[in-house]
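Inspection log for the structure reproduced underneath, given as structure tokens.
The values are calculated or read from the model by the stated rules, or taken from the named source; none is laboratory data. Predicted model, so just to flag it, every value in this text is computed and none were measured. All Cβ positions, glycine included, derive from the backbone under ideal geometry; neighbour counts span all protein chains shown.
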Ligand SMILES: Nc1nc2[nH]cnc2c(=O)[nH]1
């Protein structure tokens, strides 16, 4: 009641509440981008591998094409450039803090390290997905992300976040979608030491990149004060454009150095629906990856790398359902395990959201208390 008697105090609380409402809308929007990107990528990948007649090829060829996939994951960054200029840029603070090394070098080394990490996880992700063990190992990615965020970013975990992580792990394990690119099983390929390294490295690189992105937003980009001293959405677009550019360059070098570029012509000719659809599926994949990445980076900026990974992994049962509806794969159905996984995803997201709700509510209560103390003093 009291805040109504003091218009200035009521105004501050109102401003905080409006800010928080905008924040929730942004979080929902980024989550939606991740779900959309994850779904489109998996639908188009399945389409690509079915049309590519992989299962009719010899085993060696079934494991090829991964530089192309890695390049696609990063190549469509130019579509974000107009958006970058559309987003408002808050005023630069007059005098950037003097730091050693200079801000430009720090930003550059951040983007180069992220570009390298992203190219590594894109290439190895494309390869690891072809191995039988990936379905088992991908869940551990969230554990690694949590460890990196806890030790490097000092993220605090409460019981709701831990419950959310547990549900996410179960949901991803039981709800993963069918992937038509998986080659015919060959134990020498799938269970050797090389296979395990191929499975472990992309999860390590992906988790580490989430941690480094969060660190980059908080400790590098905000501190350069190019966008005032706040976290703004323009940072997401800037980071995504520059990091994707560097990662795409590395993947392009990989594509040529490995000789894989020579296979592109054969791939397009072999495509069952013809070269037009081949081109369209590649363009669609490249754009879908950018949609996914903007959502992911957005959640890293707004909440944390762990939340971004939780949302990404919670999309699995939804993607599995869409794949069941869109394709007629043998033995692929939305049975009780996947229904349970879908429920697990809902509970995981609800649990993390409740933790965020409590934090935001505490911020309002603290402001209320502070203002009350000030007015009594
Ligand atoms: N390692 C890894 N790379 C990815 N690229 C896109 N999604 C993923 C993922 O879940 N793990």
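A few notes on this one:
- Residue check, residue 266 free of Cβ contacts under 8 Å to residues at least 12 places away in the same chain, part of a helix (DSSP H, G or I), closer than 15 Å to residue 44 by Cα and more than 16 Å from the ligand (Cβ to nearest atom): no
- Top-ranked residue in the range 308-328 [being touching a residue at least 40 places away in the same chain (Cβ under 8 Å) and assigned to a loop (DSSP other than H, G, I, E, B); ranked as nearest to the ligand (Cβ to nearest atom)]: 315
- Scanning the range 214-228 for residues that are touching a helix residue (DSSP H, G or I) at 6+ places or on another chain (Cβ under 6 Å) and farther than 22 Å from residue 86 by Cβ returns 214, 216, 220.
- Unmet requirement for residue 239, which otherwise passes all of (1) surrounded by 17 or more Cβ atoms within 10 Å (Cβ to Cβ); (2) at pLDDT 95 or above; (3) under 18 Å from residue 123 (Cβ atoms): (3)
- The sole residue among 144, 40, 71 that is crowded, with 21+ Cβ neighbours inside 10 Å, modelled with pLDDT of 80 or more and within 16 Å of the ligand (Cβ to nearest atom) is 71.
- Yes/no for residue 295 being surrounded by 14 or more Cβ atoms within 10 Å (Cβ to Cβ) and closer than 26 Å to residue 135 by Cα: yes
- Count of residues meeting criterion [within 12 Å of the ligand (Cβ to nearest atom) and in contact with a helix residue (DSSP H, G or I) (Cβ under 6 Å, 6 or more places away or on another chain)] in the range 105-139: 15
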